[in-house]
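The values are calculated or read from the model by the stated rules, or taken from the named source; none is laboratory data. What you see is a predicted model; the values in this text were computed from it and never measured. Cβ: placed from backbone, ideal geometry, glycine included. Neighbour counts: every protein chain shown. Heavy atoms of the whole protein, side chains included, go into the accessibility calculation; ligands, DNA and RNA do not. Shrake-Rupley method; radii C 1.70, N 1.55, O 1.52, S 1.80 Å.
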Number of protein chains: 2
Amino acid sequence: MDATDAKILKVLQRDGRLTNQELSAEVGLSPSPCLRRVRNLEAAGIITGYTALVDQKLCGFPVTGFVRIRLANHSDETVRGFEARIAEIEHVLDCYLMAGGEDYQMKVIARSLDDYEQLVRKTIQKIPGIASIETSFAYGVVKHARGLPVSAEMRP
Amino acid sequence: MDATDAKILKVLQRDGRLTNQELSAEVGLSPSPCLRRVRNLEAAGIITGYTALVDQKLCGFPVTGFVRIRLANHSDETVRGFEARIAEIEHVLDCYLMAGGEDYQMKVIARSLDDYEQLVRKTIQKIPGIASIETSFAYGVVKHARGLPVSAEMRP
DNA sequence: TCATCTATTGGCAGATTCTGCCAAAATGCA
DNA sequence: TGCATTTTGGCAGAATCTGCCAATAGATGA
């Protein structure tokens with residue numbers, strides 16, 4: 001992982017469909033070592049995949065909300081069951097296990113406020129073992145970075 | 001926007017570097033109409049770009065936190081200044097304007113807890129107009145979807 | 001300083017893919 | 001049904017990919 005790798009990551013986060021030739025030109029290499037570096041980054045698990053970015057509103061999901069959940073207990077069964085159910089709900093875009101208290105926070109999208117309410121009350125609320133739910137809406141997006149600020153040196 | 005477009009979006013969210021031939025095979029088209037549909041989705045702004053997904057931990061950012069901020073007032077100057085500063089901080093991955101109260105919520109990454117504290121206290125805290133800051137750490141990631149559940153019909 | 005060894009690079013070439021163009025097929029409408 | 005419009009499939013020249021090999025750069029130790 002050197003400065004060239006970092007530059008490759010930066011460029012590929014900006015445009016993940018660049019041609020290997022274009023990429024190699026941007027990072028100052030010839031195509032074949034450039035391709036090898038990309039393959040190495042993929043094999044090392046640093047690049048985990050590529051994806052098309054899709055406009056959330058244009059796809060009919062104008063509503064974004066955050067849901068915070070506290071479980072009634074943290075037995076293995078409750079936790080596993082909860083996390084498995086969350087993983088299945090495709091309107092839940094991500095979910096974090098929060099430190100300090102047995103709390104989850106997840107980002108949820110919906111086609112309307114009604115749908116959002118339905119989703120929370122009829123799907124999420126019904127998962128066993130939930131002690132409490134808090135919900136908050138996003139009014140708008142101020143910033144949405146499309147990648148990490150990767151650099152060559154990485155202190156553990 | 002029909003079922004074929006939806007399938008294209010679904011497949012490209014799963015693997016944004018598929019060859020046009022592979023993509024066309026997966027969606028059941030021949031390459032040339034498939035490419036034209038992709039170009040149309042790009043031109044319509046539905047596909048906003050492509051990106052490489054990078055492993056956050058392997059890149060040296062094991063810490064994820066959420067920061068909630070309340071502004072002291074919502075004059076244009078304060079709001080613009082705040083949002084402009086946030087946009088510059090590359091450790092702030094995203095930031096939402098929350099409904100109900102003048103609140104922002106942002107996701108922040110750091111190389112360590114120390115760095116996180118430094119970032120919050122020395123960079124974010126210093127932005128003018130902040131009334132209060134609340135912070136919470138993520139202990140781990142339960143789910144991280146790589147795309148929206150796009151479908152053909154989209155109710156407004 | 002120099003010799004040696006290792007890792008990385010650049011160029012080459014056959015195979016694959018891209019992509020603009022045109023005719024054919026499918027679809028929608030009256 | 002018949003017409004107009006949209007979408008599709010195939011073709012072909014141009015561009016790109018990618019495995020292989022020799023050459024280069026950088027590090028190591030005497």
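Key figures
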read-out	value
Strands (runs of 3 or more DSSP E) wholly inside segment B:86-156 containing at least 3 residues that are within 25 Å of B:Pro62 (Cα to Cα) and at pLDDT below 95	B:130-144
Qualifying position, being away from DNA strand D (no atom under 11 Å from the Cβ), surrounded by 20 or more Cβ atoms within 10 Å (Cβ to Cβ) and touching a residue at least 60 places away in the same chain (Cβ under 8 Å), among B:Leu41, B:Leu9	B:Leu9
Residue in segment B:77-89 that is more than 7 Å from chain A (Cβ to nearest Cβ) and within 30 Å of A:Arg85 (Cα to Cα) present	no
Criterion: open to solvent by less than 30 Å² (accessible area, probe 1.4 Å) and within 16 Å of DNA strand D (Cβ to nearest atom) - qualifying residue of A:Val54, A:Val27, A:Val67	A:Val27
In segment B:102-156, residue surrounded by the fewest Cβ atoms within 10 Å (Cβ to Cβ) [restricted to those that are within 7 Å of another protein chain (Cβ to nearest Cβ) and among the small types (Gly, Ala, Ser)]	B:Gly140
Segment B:13-25: number of residues that are in a helix (DSSP H, G or I) and either away from DNA strand C (no atom under 12 Å from the Cβ) or touching a Lys or Arg at 6+ places or on another chain (Cβ under 7 Å) (or both)	2
